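Peer 1: The structure follows.
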Amino acid sequence: MREPHEGNFLTDVMELGPAPTMSRELVVLVLTVVVVAIMFALVGPGPVMWIASAAVAVFMAVRFVVGLRGWNRSGAQR
């Protein structure tokens with residue numbers, strides 16, 4: 001049973017902050033990579049796509065690092 005604060009997959013993808021667990025964040029990361037790859041295939045490798053891809057990569061890295069801090073704290077409380 002999920003806790004009420006965990007939400008669902010859609011909220012994990014749409015939130016600016018990380019997902020409640022590392023495994024859910026990794027699923028969001030994989031989905032983001034797939035979406036960026038599809039956009040790359042549709043638009044082509046122009047300068048705008050490279051900049052957008054870099055921005056998404058930095059955002060996802062920051063999101064993961066912020067989540068890592070929270071996941072380590074919640075794991076230590078168990």
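The values are calculated or read from the model by the stated rules, or taken from the named source; none is laboratory data. This structure is a prediction, so every number in the text was calculated from the model and none was measured. Cβ placement follows ideal geometry from the backbone for every residue including glycine, while neighbour counts extend to all protein chains displayed. What goes into the accessible areas is simple: the full protein's heavy atoms, side chains included, and nothing from ligands, DNA or RNA. Shrake-Rupley method; radii C 1.70, N 1.55, O 1.52, S 1.80 Å.
Peer 1: Among L16, L42, which is closer than 24 Å to R73 by Cβ and of a type in the set (A, V, I, L, M)?
Peer 2: One residue alone meets the criteria, L16.
Peer 1: Here's another thing I want to ask about it. Just give me the residues in segment 8-48 being outside any helix (DSSP H, G or I), acidic (D, E) and open to solvent by less than 40 Å² (accessible area, probe 1.4 Å), in sequence order. Please lay out each step first, then the result.
Peer 2: Of the residues in segment 8-48, the ones outside any helix (DSSP H, G or I) are 8, 15-21, 44-46.
Imposing the further condition that a residue be acidic (D, E) reduces the set to 15.
Result: no residue meets the conditions.
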